[in-house]
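The structure under discussion appears below in the form of structure tokens.
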Amino acid sequence: MAIPIAYIGRGSQLLYSPDGGVTFVPVAQLRQFESGGSKQTLIDQTNLRTADTFTHSLPVLVDSGEIDFGGALNPEDLTYLALAQFHGSLTLVLWKVIFVDGSAFTFTASVSEFKPFGVAWNKLLDWSGKLRLSGGFSGISGGFGGFSQIESAIFVASVVASSPSPAFLMQGNVQLFQITLTNDVSTPTLLTAGMAVPALIIFEITQDAVGGRNFAWPANVIGGVAPNVGAGETTSQLFYFDGTYALALSGGTVTP
């Protein structure tokens, strides 16, 4: 389950999303961004504060690894406060890295370590931290020629709570969504920010013990069938994500 990070050097940006991928906020004064997962094949040791070289290596990370990062921030800065809050709550956050050529990838991670250290200078306090990956990378966008091929698929299974407006957030290039309907679904959304192409999506839509629940498909899903309404029945359907739409590759398969 490896995806290349590509070249990390001066001008790269690390951003976090406070709203599940709608907007991204840059981590200012970022000085260091290193792969430190236990299963990578190469460790990147680029320090953005030094100017001895533009890049150091082409690391490859896998699921359940860690990324070391650090920099200098004003303790009153909103980004500093957000990182501290993420660490204290171990909240899963959507992150994005944008490289100097405009290519990018997104991933979900918690802030497993956040350590201010040193003495504040000019109101800036040095800090270091770790991002603990959860479910792998969400995808790569952009046409940077230095990328290696993706070595294997990243499979992510997500259980989505039933509501009139559930959000289906893609986090892998083989994504399974499972939802048990306890109400009618009228305005769902399929969130695909940062996803690489190609990607496959499987929806498993199950009726609760009452049954008879209606399910409307997200606007960017084409060819979705109406799920069976029998109590306890599950309707499964496969889709191909082309970068804009999820296109049905199969009809609905019903299991009791």
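Throughout, read-outs are computed from the coordinates displayed, never taken from laboratory work. The shown structure was predicted, so the numbers you read here are calculated from the model rather than taken from an experiment. Quick reminder, even Gly has a Cβ in these numbers, built from the backbone with ideal geometry, and neighbours come from all protein chains shown.
Could you tell me the calculated FRET efficiency between V229 and L81, based on Cβ-Cβ distance and R0 = 35 angstrom, to the nearest 0.05?
0.15
Tell me, I67, I202, I179 in order of fewest to most beta-carbon neighbours within 10 Å?
Ranking I67, I202, I179 by Cβ neighbours within 10 Å, fewest first, gives I202, I179, I67.
Just to be sure I understand: of the beta bridges DSSP finds with both ends in the range 155-255, what percent are antiparallel, rounded to 5?
40 percent
Could you calculate the FRET efficiency of S128 with T244 from 1/(1 + (r/R0)^6), where r is the beta carbon distance between them and R0 is 30 Å, rounded to 0.05?
0.15
What's the percent breakdown of Cα-Cα distances in the range 155-255 across 5 Å bins, shortest bin first?
The distribution over the range 155-255 is 3, 15, 26, 28, 18, 8, 2, 0, given as percents.
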